[in-house]
């Protein structure tokens, strides 16, 4: 028997199917991948050091929102919740409801971007253009509520910045009805069209045992059957009053991840309609006094998984330590495990279905 | 399976969704973020807007010919950099007189072109402030 | 509520092995906090599936030259957090070298005791 040769092929830092730079080195034997090596620190900017030396504690929400473009409001909201627990004062119920409204609208447009990128990798470019065109309805709503399309700058320490009027509420209801009918058509396409459902079955599977071993989070874990979601494990925001339900899959391959994301979009649309119908009265911004003194740890559910902030202060304007744990950073060991045993030609499609956000990883 | 073929056929006859800006204008909704404007007669020179700005785009520097405002005891002058500003509105919320001395308008900010060297004057102002 | 449990460098692997159950606890991350010019506090943070706000934290105060054992056999996903601690604080962890964010032969430790 002759020896099988092992060839090293890079999925390099510049590639046609990647949105952000990341480098993987695969050791392949006749097209099957055996070993994986990765390099993720291409976009490192030193944000944790800047938050403790250059910016005071009430300017940090604006710094931290610029770590990532797609999950900007979850970073800003998580830090603000952590600081508010160390100051004196209470946030009103109306401000909490408005915060959940924007977080769920952000989740809708982020999942639509991931689904269109997956469809492009299957070769179905017309679906990519169509989902991107329908995403404009959500971006219009975000611009009317907060003033910007992506970097909202909506959350301040003590509440939110802008109020919502009855004209905007009417526009929210019209646009959400249009998006709901489009998402129902997408579910029909993603389950019945052969180039989107047959091609993706049994590729890149993560079993339930492996998900427990590698501590997977987000839609990656829920598609494998693991019941974990930060929205049901914390009570900073009133998610149980607006109708949140956990969506699970069974197999853990690319097809079930797509279906879990589509079902989460439908659940988010239902939550937004409930919020707008039952909005309480009150102020939107309260002044909080004091300087942060002590430790605080807060978790929140970003579109890609679980986000954690740990801050420590000593009663001065500059903080002592800000530790950020982003969802893609914690899932990299799980990514590297899924690649082993699959074909080299499937690697770009598997990477796009994880929804990696490299600006969050290398902060 | 055939619904996508029917939809592709229908899309041949509808007009495209792209707006060809700058030939045709974009409609902006009411209340979008624009330039920060300053009314000097009502200002009390408390310097709260300078402390609240996250990137540091409002600075009060010493000047030799101050205005005739009786509250201007240290001969300061207001300087604003529209290219460093992030249009968040923190300065307006920190001001004690928000609609008279400092407010956010709906005017479009100007574009920064490399040949104009827009930041050279600002570096001198920052050096002057640091040496005080 | 955070439950903080103090441990030592010789017994930290045993303590985590006795505490961690695969289907009940979730490993979040590893963290380091600079206390003064010579000591750094290293923290291992866990949470529980299904419970509201139940966080457990094991912590050790280490000096700059001490050797920290690795927990990768119990928690396979800790490998990347250990590489980040080596980069940012300049500590010595078993099985990890610099190279995640900084260059491989760099002498800097941005968040550590020297603060370069």
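To the nearest 10 degrees, how steep is helix A:93-121 against the longest Cα principal axis of chain A, on a 0 to 90 scale?
Result, in degrees: 20.
If each DSSP helix of 4+ residues adds -39,500 (n - 2.57) and the sum is divided by the residues in chain B, what number results at 222 nm, nearest 500 deg cm²/dmol?
Estimated from H runs of four or more residues: -6000 deg cm²/dmol.
Which three lengths, in whole Å and largest first, does chain A cover when its Cα atoms are put on their principal axes?
The Cα atoms of chain A stretch 77, 47, 33 Å along their principal axes.
Taking Rh as the Kirkwood radius computed over C-alpha pairs, what is the Stokes-Einstein D of the protein assembly as shown at 4 °C in a medium of viscosity 1.567 mPa s, expressed in µm² per second?
For the chosen part, D equals 48 µm²/s.
List, largest first, the extents of the alpha carbons of the range C:28-99 along their principal axes, each in whole Å.
Largest first, the range C:28-99 extends 39, 26, 17 Å along its Cα principal axes.
If you wrap the range A:282-363's Cα atoms in a convex hull and average its projection over all directions, what's the area in nm²?
So the mean shadow area of the Cα hull is 8.2 nm².
To test your reading of the geometry: what angle, between 0 and 90 degrees and rounded to tens, separates the Cα axis of helix A:166-192 from the longest principal axis of chain A?
Helix A:166-192 sits at roughly 10 degrees to that axis.
What FRET efficiency, computed as 1/(1 + (r/R0)^6) with R0 = 25 Å and r the Cβ-Cβ distance, is obtained for residue A:29 and residue C:104, rounded to the nearest 0.05?
The formula returns an efficiency of 0.35 here.
Could you calculate the contour length gain from residue A:181 to residue A:169, that is, 0.36 nm times the residue separation minus the distance between their Cα atoms, to one decimal place in nm?
2.4 nm
Add -39500 (n - 2.57) for each DSSP H run of 4 or more in chain A, then divide by its residues: what number comes out at 222 nm, to the nearest 500 deg cm²/dmol?
Theoretical 222 nm ellipticity from helices: -14000 deg cm²/dmol.
Rounded to the nearest 0.05, what FRET efficiency do residue C:35 and residue C:79 have when you use their Cβ-Cβ distance and R0 = 25 Å?
Rounded to the nearest 0.05, the efficiency is 0.45.
Could you list A:40, C:72, A:242 in order of exposure, starting from the residue whose Cβ has the fewest other Cβ atoms within 10 Å?
C:72, A:242, A:40
What is the spin-label model distance, in nm, from residue B:20 to residue B:105 if the labels are put 7 Å beyond Cα along the C-beta direction?
Calculated label separation equals 3.2 nm.
Could you work out [θ]222 nm for chain C from helices alone, using -39500 (n - 2.57) per DSSP H run of at least four and dividing by all its residues? Round to the nearest 500 deg cm²/dmol.
It comes out at -4500 deg cm²/dmol, rounded to the nearest 500.
Using only the alpha carbons, work out the radius of gyration and Dmax of the range A:225-326 in angstrom.
Every Cα atom of the range A:225-326 included, Rg and Dmax give 17.9, 51 Å.
Have a look at the DSSP beta bridges in the protein assembly as shown and tell me what percent are antiparallel, nearest 5.
90
Can you figure out the FRET efficiency of residue A:316 with residue A:250, using R₀ = 56 Å and their beta-carbon distance, to the nearest 0.05?
Given R0 = 56 Å and the Cβ-Cβ separation, E is 0.60.
Kindly express, to the nearest 10 degrees and within the range 0 to 90, the angle between helix A:125-134's C-alpha long axis and the longest C-alpha principal axis of chain A.
10
Just report the Cα centroid separation between the range C:1-73 and the range A:273-312, whole Å.
Each part reduced to its Cα centre gives a spacing of 26 Å.
Given an 8 Å cut-off on Cα distances and at least 6 residues of separation, report the relative contact order of chain A as a percent.
27
At q = 0.16, 0.20 Å⁻¹, what is the base-10 log of I(q)/I(0) for chain B according to the Debye formula with one equal point scatterer per Cα and no solvent? Please give it to two decimals.
Debye output, listed in q order: -0.93, -1.28.
Could you tell me the extents of the range A:1-159's C-alpha atoms along the three principal axes, largest first, rounded to whole Å?
The Cα atoms of the range A:1-159 stretch 75, 42, 23 Å along the principal axes, largest first.
Based on DSSP, what percent of beta bridges with both residues in the range C:1-64 are antiparallel, to the nearest 5?
If we restrict to bridges inside the range C:1-64, about 80 percent are antiparallel.
Modelling each spin label as a point 7 Å along the Cα-to-Cβ direction, I'd like the residue A:7/residue B:35 distance in nm, to one decimal.
Each label point lies 7 Å from its Cα, and together they span 6.1 nm.
Using the basic label-point model (7 angstrom from Cα toward the beta carbon), what is the residue A:202 to residue C:6 distance in nanometres?
The modelled label-to-label distance comes out at 5.7 nm.
In which sequence would C:59, A:214, C:101, B:21 go, from the one with the fewest C-beta neighbours within 10 Å to the one with the most?
Listing C:59, A:214, C:101, B:21 from fewest to most nearby Cβ atoms yields B:21, C:59, C:101, A:214.
Can you give the convex hull volume of the alpha carbon atoms of the range A:55-125 per residue, in Å³?
Roughly 89 Å³ of hull volume per residue.
Can you sort C:16, A:145, A:34 from fewest to most other Cβ atoms within 10 Å of each residue's own Cβ?
Ordered from fewest to most neighbouring Cβ atoms within 10 Å, C:16, A:145, A:34 come out as A:34, C:16, A:145.
Tell me, Kirkwood radius of the range A:100-214 from alpha-carbon pair distances, in Å?
Result for the range A:100-214 stands at 16.5 Å.
Every number in this text was worked out from the coordinates using simple rules, so none of it is lab data. Since we're looking at a predicted model, the values are computed, not measured. Backbone-built Cβ (ideal geometry, glycine too); neighbour counts: all protein chains shown.
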